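For reference, the structure discussed in these notes is given below.
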Amino acid sequence: MGNPRGVRRDFDALEKRRFKAQKLLESGVHQAEVARRLRVHRQSVSRWAQALDRRGKEALAKAGRAGRLPRLSPTQKEQIRAALLQGPEAHGYSTNLWTVARVGALIEEKTGVQYHPGHVWKILRQLGWSSQRPVGRALERDEAAITHWKEKQWPALKKKPVRRPAP
C-alpha cells in the first residue's frame, strides 16, 4: 500500500516496530497476536519471522533509504554544473544553446552515465536549471521599418468587412 504522496516514511520508527515484533516473536507470542499488538498485517509479521529465521536480527535492520540509488554522485553533479556554466560553445557546439540531447551527451562524456533525453530534465531541475528558449530574432532587424509596416502598410492591405445597409 505504501505511504500517501508527499508523506515521508520514518525509517527509524519502522525499524523499531520490526525489532518489537522480533522480541515478541522470541518470547513466544503468536504471529497473529504480534500483528494485533503492533497494528500491522499478519503477512508483514510472517515476512519478518521468515527473515529472522534465515538471516537473523540484521534482516530487520533499516535499509537506509527508499527507492533506487542515484546514478550520479554529488561530485559528478557539480562537474556537470561547472561544465554547463562554461556554455555549449566551450564544448564544441556551434551555437550558444543547451538542448536536452547536448546535455545528455555532456553527462555521458563527463560521468559515463547515459540518460534518456526525457530524464535529462530531472538532472537539470536538480541542478537548478529551467527551460528557457531564446527569442528567435535576426540581428539585422530594423525595428523602425517593422513598426512602420505594422502601423501603415498592414492596415492598408488588411481586408475590411463589407458594410451593408441596415435592413
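Over the chain, the alpha carbon radius of gyration divided by the compact-protein estimate 2.2 N^0.38 Å works out to 2.05. Ordering GLN22, PHE11, VAL34 by Cα displacement along the dipole of the stretch 1-46 toward the positive end leaves PHE11 in first place; charges were set at the Cβ atoms of Lys, Arg (+1) and Asp, Glu (-1).
How far, in degrees from 0 to 90, does helix 11-26 lean away from the longest principal axis of the Cα atoms of the chain, to the nearest 10? The two axes meet at around 20 degrees. Placing R0 at 30 angstrom, the Cβ-Cβ distance between LEU127 and LYS62 gives a FRET efficiency of 0.55 after rounding to 0.05. With one equal scatterer per alpha carbon and no solvent term, the Debye-computed log10 I(q)/I(0) for the stretch 11-60 at 0.19, 0.22, 0.23 1/Å reads -0.51, -0.70, -0.76. Measuring nothing but how far apart in sequence close Cα pairs (under 8 Å, 6+ apart) lie, relative to its length, the chain scores a relative contact order of 12 percent.
Compared with the dominant principal axis of the Cα atoms in the chain, helix 117-126 is inclined by about 80°. A simple rule links phi to the HN-Hα coupling: the Karplus curve 6.51 cos²θ - 1.76 cosθ + 1.60 with θ = phi - 60°, which for the stretch 98-105 gives 7, 10, 4, 5, 5, 5, x, 5 Hz, with x for Gly and Pro. Look at where the Cα atoms of the stretch 50-90 and of the stretch 94-132 average out, and the two centres are 19 Å apart.
Considering all different alpha carbon pairs of the stretch 74-126, the Kirkwood hydrodynamic radius works out to 11.1 Å. Taking 0.36 nm per residue of separation and subtracting the current Cα-Cα distance, fully stretching the chain between GLU109 and ARG8 would add 32.9 nm. Ordering ILE107, LEU157, ASN96 by the projection of their Cα atoms onto the charge dipole of the chain, which places +1 on the Cβ of Lys and Arg and -1 on the Cβ of Asp and Glu, puts LEU157 at the extreme positive end.
Rounded to the nearest 10 degrees, the inclination of helix 74-86 to the longest alpha-carbon principal axis of the chain is 10 degrees.
Quick note: the coordinates plus some simple rules give every number you see, no bench work behind them. Keep in mind that what you see is a predicted model, and the values were worked out from it rather than measured. Don't worry about glycine lacking a Cβ; one is built from the backbone with ideal geometry, like all the others, and counts go over all protein chains shown.
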